[in-house]
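The structure under discussion appears below in the form of structure tokens.
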Amino acid sequence: MSEFTVIRAGSAAGLPVPATPKNVPHRGGDANPSAEALKAQFGAAIRRVEVVWGETNVIVEMAKAHEIIQWLHGDPSQSYEYLSDVTAVEFRDRALPIEVIWHLRSLKFRRFLRVKALIEKGQPLVAPSVFDIYKGADWLERECYDMFGIRFEGHPDLRRILLWEQYAEGFPLRKDFPLRGRFSRAEQLRQALAANPEARYSMEELSVADAYADLPQDMRARIKGGESTGE
Amino acid sequence: MATKRTVEVELSTTGIGPDGKPQRIPLVAGGDGGVALQAPPGIEPDLEGEHMLINIGPQHPATHGVLRLVLELDGETVVRCIPHIGYLHCGFEKIGEYRQYNQIIPWTDRDDYLNCVGNNIAFALGAEKLFGIEVTPRCTVLRVIGMELSRIISHLVWMGTTCIDIGAYTPFLWSFQERENVYNLFEGWVGARLTTSASRVGGMAADIPDGWLDGLKAFVRTFPKTLDECDRVVTKNGIWVGRTVGIGVMSPEEAINYGLSGPMLRASGVDYDVRKDFPYLDYETYDFEVPVGVHGDVYDRYLVRMEEMRQSVRILEQAIARLPDGPVNVDDPRVILPPKHKATSEMESMIHHFKNVMEGPRPAPGEAYVAVEAPKGEKGYYMVSDGSAKPVRWRIRPPSYVNLSAIPKMVEGHLLSDVIAINASIDIVMGEIDR
């Protein structure tokens, strides 16, 4: 059976011995060297570089985000071959833009970089997909779409993942989505019971269509009468 | 003459004939009273190209929770696998936006519930980064003890349940017995067994009680023996080896590209461990090895996890030896409550207690991503603060979510029974995947 050659993290020459960071300042400090390289390579597409709690944020143009991440992934001087996370942030202050965030790691150079692209208010929620660069982006982007409604263009199968595909109440992690959902618990229960499960599950997969009929008569009557579940 | 053998063969069928009736194997008399079993050509039913769709889960013991896999099979070979998740989704991240930092810690128990103490500490590390706090030396070592103990119990659950999936029952009992010992230690430390909520921003919920280290020392002494016994029973077991070697192979480049982490990544031959490469809690000062596999199959994942448990024991021994005296919590009134006797007798301490509990500590605006080496892989907590007592965004980077996303790639071309072994090797916890 064939054996793989082991890939070692931190294989680049001349790296310092990694140590637990101490006395990290709130703002400022040493930026990730990749930030300077990005500025030299992409110029105005790099809007801002900031260092927060020792982590370097690079805020980039959304239109160039894919190209920038592809360069970070492929260029041997950067070699960000590992995608940790794709996520988004919406602030409580409605005037602030929504941020789409990629957490990238370079195993070779032991670097961590946060790439951000902003979606201004009123703009369509669209970001480029990095699925063609990192296969691991598949479910991360689907979750981000599921929770925020951000469409990742170029993703081959952008569907809801944690919520079901017919979920129509919106996107839960948006700030305009109430914590307990849009309907009362009684209404949510009614909708769940009235749903046609076969619309979600093919007959081959699973069928729980008769679940409502299996409930005891008195419980069905109580649910029909609109009884709340204690909320 | 109809012997038992010929009757059995005569009764067996090979399928439905053109007339719609079961086709019999024709008996051909030969020497020695034996039978020739070749069926004449043309009566084998044509099964080529007919695919079957089968559903595993969401309620199935081998899916380790409410995972549902829809498999398209060609005979017994998996052609396509479509995972469905989300049955356990409860919106942890949304709830976190409505909770103070210390109030989020109980939620971290519940995302990866086999690694509670590790999650508690990882979250506290993230929040402390936002507050600019560095914990005391004693707390640092206690946290290392907590993290390594929870790594051991998580791997023990993995080993026990995977052995059951593949058909061995004994290692399950042995590993759960040892897990019980660790839960007893947690119970002695923080009072809870499963949902520990062991950490606080700036320290721990409690210092270890007197005599607790003796229990830990006893565990560190006896646990490697249990591990050796499991090793003897499983590692060279013919069934185990046959079910796991060469199954679900991921090459190192694929593993990195799919974002795998933890034992999944290391079994594929990538020497990356957050404790070594992006250290936290002074892990760089401990002497331990990172096991790396070279085949990337289920068997190597097993070997990596077994060795990680031994290395955790080594770290525990060093942590016991170096545990310093001193306070557990930092001396920082922004996050730490005053002593109870002062809060009930002094006005200032009472106000301080009230403000800290009712309003909550407020970090400066900013953001922090803290990743730790959890048993399943790189567990990250990303927190964004706008200066208020509740985070604007609390993101969990779940390692088993990303690891599970590679399952279609791993199972395709394997047999249906291998799907169970591959799924078990990922070490999923649905609480963490669905959140």
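Once you average over the residues of B:129-136, how many Cβ atoms of partner chains fall within 10 Å of each Cβ? Rounded to a whole number, the mean comes out at 3. Computed from the C-beta positions of B:Ile320 and B:Thr195 and an R0 of 30 Å, the FRET efficiency is 0.75 to the nearest 0.05. Only DSSP H runs of four or more residues enter the estimate; each adds -39500 (n - 2.57), and after division by the residues of the protein assembly as shown the mean residue ellipticity at 222 nm equals -11500 deg cm²/dmol. Note on A:Lys39: lysines with a C-alpha under 22 Å away, same-chain residues under 8 apart excluded, are A:Lys64, A:Lys108, A:Lys116.
Measuring only protein heavy atoms, the 1.4 Å probe finds B:Arg80 accessible over about 120 Å². Would you mind telling me the share, in percent, of accessible area of the protein assembly as shown contributed by carbon and sulfur at probe 1.4 angstrom? Result for the protein assembly as shown: 54 percent of the exposed heavy-atom area is carbon or sulfur.
The B-A contact accounts for roughly 6000 square angstrom of buried accessible surface, both chains included, probe 1.4 angstrom. The simple spin-label model puts a point 7 Å past each Cα toward its Cβ; for A:Gln70 and A:Ala37 those points are separated by 1.8 nm. Over the Cα atoms of segment B:112-221, the radius of gyration divided by the Kirkwood radius equals 1.03; this is the Rg/Rh ratio. Of the GluC sites (Glu not before Pro) in segment B:289-326, the ones in a loop by DSSP (not H, G, I, E or B) with at most 15 other beta carbons within 10 Å are B:Glu289. Applied to segment B:126-140, the Karplus parametrisation 6.51 cos²θ - 1.76 cosθ + 1.60 on θ = phi - 60° returns per-residue 3J(HN,Hα) values of x, 5, 5, 4, 5, 8, x, 9, 10, 7, 6, x, 5, 5, 4 Hz, with x for Gly and Pro. Note on segment A:60-194: dipole from Cβ charges, positive end direction compared against A:Ala186, A:Gln70, A:Ala168; the farthest Cα belongs to A:Ala186. Highest mean first, the peptides B:420-429, B:374-383, B:339-348 sorted by other C-beta atoms within 10 Å per residue fall in the order B:374-383, B:420-429, B:339-348.
Pairs of alpha carbons in segment A:36-155 separated by more than 16 Å make up 59% of all such pairs.
Charged side chains reduced to their Cβ positions (Lys and Arg at +1, Asp and Glu at -1) give segment B:149-238 a dipole of some 160 debye around its Cα centre. Our compactness index for the protein assembly as shown, the C-alpha radius of gyration over the empirical 2.2 N^0.38 Å, is 1.07.
Among A:Glu90, A:Glu169, the order of accessible area from largest down is A:Glu169, A:Glu90, computed with a 1.4 Å probe on protein heavy atoms.
Taken residue by residue and averaged, Cβ atoms of other chains lying within 10 Å of the Cβ of B:266-272 number 5. Computed over segment B:92-434, relative contact order equals 26 percent, with contacts defined as Cα pairs under 8 Å that lie 6+ residues apart. The mean number of partner chain beta-carbon atoms within 10 angstrom of a residue's beta-carbon across peptide B:275-283 is 4. For segment A:103-135, the list of trypsin sites (Lys or Arg not before Pro) that fall in a loop by DSSP and count at most 13 other C-beta atoms within 10 angstrom reads A:Lys121. The residue list B:Val220, B:His352, B:Val144 was ranked by how far each Cα lies along the charge dipole of chain B toward its positive end, using unit charges on Cβ atoms, and B:His352 comes out on top. Each Lys and Arg adds +1 at its Cβ and each Asp and Glu adds -1 at its Cβ; summed about the Cα centre, chain B shows a dipole of about 1020 debye.
For the protein assembly as shown, the dipole from Cβ point charges (+1 on Lys and Arg, -1 on Asp and Glu) about the Cα centre works out to 1780 debye, to the nearest 20. If you look at the Cα atoms of segment B:279-435, you get an Rg and a Dmax of 22.0, 71 Å.
Applying 1/(1 + (r/R0)^6) with R0 = 35 Å to the Cβ-Cβ distance of B:Glu180 and B:Asp210 gives a FRET efficiency near 0.95.
The values are calculated or read from the model by the stated rules, or taken from the named source; none is laboratory data. Computed from a predicted structure; not experimentally measured. When we count neighbours, we look across all protein chains shown, and the Cβ atoms used for this are built from the backbone with ideal geometry, even at glycine. Each accessible area value is taken on the protein alone, full model and side chains, heavy atoms only, with ligands, DNA and RNA left out. Shrake-Rupley method; radii C 1.70, N 1.55, O 1.52, S 1.80 Å.
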